[in-house]
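Data block below; observations after.
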Amino acid sequence: EVQLLESGGGLVEPGGSLRLSCAASGFIFSHYDMRWVRQAPGKGLEWVSGISGSGDKTDHADSVKGRFTISRDNSKNTLYMQMNSLRAEDTAVYYCVKDFDYSLDYWGQGVLVTVSS
Amino acid sequence: AVMTQSPLSLPVTLGQPASISCRSSHSLVHSNGNTYLTWFQQRPGQSPRRLIYKVSNRDSGVPDRFSGSGSGTDFTLKISRVEAEDVGVYHCMQGTHWPFTFGPGTKVDIK
């Protein structure tokens, strides 16, 4: 059974940093691209970042480029998101999502990031 | 590609059919010939769950009352007979063009 378990969320002041983690199990982690998708309170879904299975290719939405960095450790089956220079508009539930064949087939339970003073 | 959905709110009667439209600003036919349109269900307080991929393929465990159809830029999710557990928000997503983009979501609730 595929499981994705996010951690690392919380309350942070504007300009602060957080590191999200996602522990994956139930599939061969290194074989799949992974993504972070977020959902602001009461809003729709927004793709944030993606990374190839080997970790050699990454991409980020323009809204977070230069502030967020996605990475992975395939030896630990873990996906990461380093979030710097956080803004109020980054407040959202962040989901770790498995990518397969131009779709997103498994989602974690999500972790809440709140940026507020 | 910009994704739109209609309606944004859909009150339904239990046992009656429901239909949600999803439209893309660009054709979703990939150069490989596939069309990467996905539907997700998000029940209240839960994370999204994939229902349908590549327009009309149901995921394992998804009831057959859910069906997807469409082509090019216009797609539809149909629920043949709505049950109480179908309440939630339904999102469409395109995976053909970088980056993946989502529709705004359609909230389905019971009249």
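Derivation of every value follows stated rules applied to the coordinates shown; laboratory data play no part. None of the values given here were measured: they were computed from a predicted structure. When we count neighbours, we look across all protein chains shown, and the Cβ atoms used for this are built from the backbone with ideal geometry, even at glycine.
For the range A:39-57, the set of residues classified as assigned to a loop (DSSP other than H, G, I, E, B), more than 9 Å from every other protein chain (Cβ to nearest Cβ) and touching a His at 6+ places or on another chain (Cβ under 8 Å) consists of A:Gly53 only. Summed over the range B:63-103, the residues that are within 14 Å of chain A (Cβ to nearest Cβ), surrounded by 17 or more Cβ atoms within 10 Å (Cβ to Cβ) and not in a strand (DSSP E or B) give a count of 5. Among the residues of the range B:66-84, are any out of contact with any strand residue (DSSP E or B) (no Cβ under 9 Å at 6 or more places or on another chain), under 28 Å from B:Leu14 (Cβ atoms) and of a type in the set (Asp, Glu)? Within the range B:66-84, one or more residues are out of contact with any strand residue (DSSP E or B) (no Cβ under 9 Å at 6 or more places or on another chain), under 28 Å from B:Leu14 (Cβ atoms) and of a type in the set (Asp, Glu). For A:Val12, the conditions (1) among the aliphatic types (A, V, I, L, M); (2) within 12 Å of chain B (Cβ to nearest Cβ); (3) buried (at least 18 other Cβ atoms within 10 Å of the Cβ) are fulfilled apart from (2). Just one of the listed residues (A:Arg19, A:Arg72) is free of Cβ contacts under 8 Å to residues at least 60 places away in the same chain, basic (Lys, Arg) and surrounded by 13 or more Cβ atoms within 10 Å (Cβ to Cβ), namely A:Arg72.
Results for (1) within 11 Å of chain B (Cβ to nearest Cβ); (2) among the β-branched types (Val, Ile, Thr); (3) under 11 Å from the mean Cα position of the chain (by Cα), shown as yes or no for each residue.
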site: A:Val37; (1), (2), (3): yes, yes, yes
site: A:Asp59; (1), (2), (3): yes, no, no
site: A:Asn84; (1), (2), (3): no, no, no
site: A:Tyr95; (1), (2), (3): yes, no, yes
site: A:Lys98; (1), (2), (3): yes, no, yes
site: A:Tyr106; (1), (2), (3): yes, no, no
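Quick one: would you say B:Val55 is surrounded by 14 or more Cβ atoms within 10 Å (Cβ to Cβ), part of a strand (DSSP E or B) and hydrophobic (A, V, I, L, M, F, W, C)? Spelling it out, it is not the case that B:Val55 is surrounded by 14 or more Cβ atoms within 10 Å (Cβ to Cβ), part of a strand (DSSP E or B) and hydrophobic (A, V, I, L, M, F, W, C).
Conditions (1) in contact with an Asp or Glu (Cβ under 6 Å, 6 or more places away or on another chain); (2) among the small types (Gly, Ala, Ser); (3) under 17 Å from B:Thr76 (Cα atoms), marked per residue:
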{"residue": "B:Thr4", "(1), (2), (3)": "no, no, yes"}
{"residue": "B:Leu10", "(1), (2), (3)": "no, no, yes"}
{"residue": "B:Pro17", "(1), (2), (3)": "no, no, yes"}
{"residue": "B:Ser24", "(1), (2), (3)": "no, yes, yes"}
{"residue": "B:Gln41", "(1), (2), (3)": "no, no, yes"}
{"residue": "B:Arg49", "(1), (2), (3)": "no, no, no"}
{"residue": "B:Lys54", "(1), (2), (3)": "no, no, yes"}
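Cβ-Cβ contacts under 8 Å between residues 6 or more apart (or on different chains), taken from a first residue in the range B:28-55 that is over 15 Å from A:Arg38 (Cα atoms) to a second residue that is in a strand (DSSP E or B) and among the charged types (D, E, K, R), are listed as B:Thr38/B:Arg50; B:Trp39/B:Arg50; B:Gln41/B:Arg49; B:Arg43/B:Arg49; B:Arg50/A:Asp105; B:Leu51/B:Arg58; B:Ile52/B:Arg58; B:Tyr53/A:Asp105. Apart from one condition, A:Glu1 fits all of (1) crowded, with 18+ Cβ neighbours inside 10 Å; (2) more than 21 Å from A:Ser116 (Cα to Cα); (3) in contact (Cβ under 8 Å) with a residue 24 or more places away in the chain; the exception is (1). Among the residues of the range B:26-34, is there at least one that is within 12 Å of another protein chain (Cβ to nearest Cβ), part of a loop (DSSP other than H, G, I, E, B) and closer than 23 Å to A:Val2 by Cβ? Yes, the range B:26-34 has at least one match.
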